[in-house]
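Accompanying notes for the structure given below.
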Amino acid sequence: MIDLMNHAHIGQIAGFIALISVVPYLISIVQGRTKPERASYLIWFIVDIISIASYISVGARTTIWTGLVLTFTGSLVLILSIKHGIGGFSKFDLTCLLLALIGIVVWVGSKDAVLALYFVTFVNFIGYLPTIKKAYFLPKTENTLSWALVAGASTLNLVALTSLQARIVLPVVCSAVLQASVAYLLVFPARFKHTKRRPHKVHLFLAHPIFAK
């Protein structure tokens with residue numbers, strides 16, 4: 001039998017780590033070293049507000065803390081990004097915003113729970129693309145410590161799961177994978193540009209011309 005109390009505690013710990021992760025990020029933004037990607041945070045803000053409400057409605061409890069924290073901290077970063085951020089107006093960013101908007105309209109308007117789940121996952125993924133692109137091309141404009149902490153929090157949140165229902169598991173798994181991807185690009189930047197070693201497949205994928213537009 002699953003010990004719900006232990007899982008609840010793990011979820012709270014994950015939420016606390018997520019809260020701590022934003023501290024160096026906010027400080028770095030104010031200091032001018034970190035420049036958040038506006039398109040990503042705008043998409044995430046809209047998604048987080050809607051998804052938290054729906055996530056609670058489907059019965060998620062032990063894994064809700066990280067989502068609540070990221071919604072709050074994400075709104076703070078979005079506000080700061082207006083003055084201190086970059087991006088949001090390139091063809092790539094605008095394409096991501098358009099795709100996210102289409103996904104949000106279908107997601108909110110859908111009466112099919114499964115279809116809605118797929119579209120919120122799709123929108124969340126689209127939101128990460130501008131930041132993943134920036135982490136690849138401009139790693140120094142992101143805060144490695146913050147992303148490593150938030151990736152750790154989302155990974156820990158996987159342990160807090162008490163249900164294997166797709167509608168509860170999928171958002172948690174996707175967040176963990178996407179945040180770990182950004183953290184990876186920051187911890188292991190594209191050094192192959194300056195060396196003769198064979199580039200990793202992740203770097204080869206991000207070097208595709210579509211990401212440079």
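Would you check if there is a residue in segment 163-183 being modelled with pLDDT of 80 or more and touching a Pro at 6+ places or on another chain (Cβ under 6 Å)? The answer is no; no qualifying residue exists. Within segment 71-101, the set of residues being β-branched (V, I, T) and either in contact with a Pro (Cβ under 7 Å, 6 or more places away or on another chain) or modelled with pLDDT of 90 or more (or both) comprises V77, I79, I82, I86, T95. For segment 158-172, residues that are closer than 21 Å to S146 by Cβ and either in contact with a Cys (Cβ under 9 Å, 6 or more places away or on another chain) or without any contact (Cβ under 8 Å) to a residue 60 or more places away in the chain (or both) total 1. I'd like to know if segment 22-39 contains one or more residues that are hydrophobic (A, V, I, L, M, F, W, C), touching a Cys at 6+ places or on another chain (Cβ under 6 Å), in a helix (DSSP H, G or I) and at pLDDT 85 or above. Checking segment 22-39: at least one residue is hydrophobic (A, V, I, L, M, F, W, C), touching a Cys at 6+ places or on another chain (Cβ under 6 Å), in a helix (DSSP H, G or I) and at pLDDT 85 or above.
The values are calculated or read from the model by the stated rules, or taken from the named source; none is laboratory data. This structure is a prediction, so every number in the text was calculated from the model and none was measured. Counting neighbours? That spans all protein chains shown, and the Cβs are built from the backbone with ideal geometry, glycine included.
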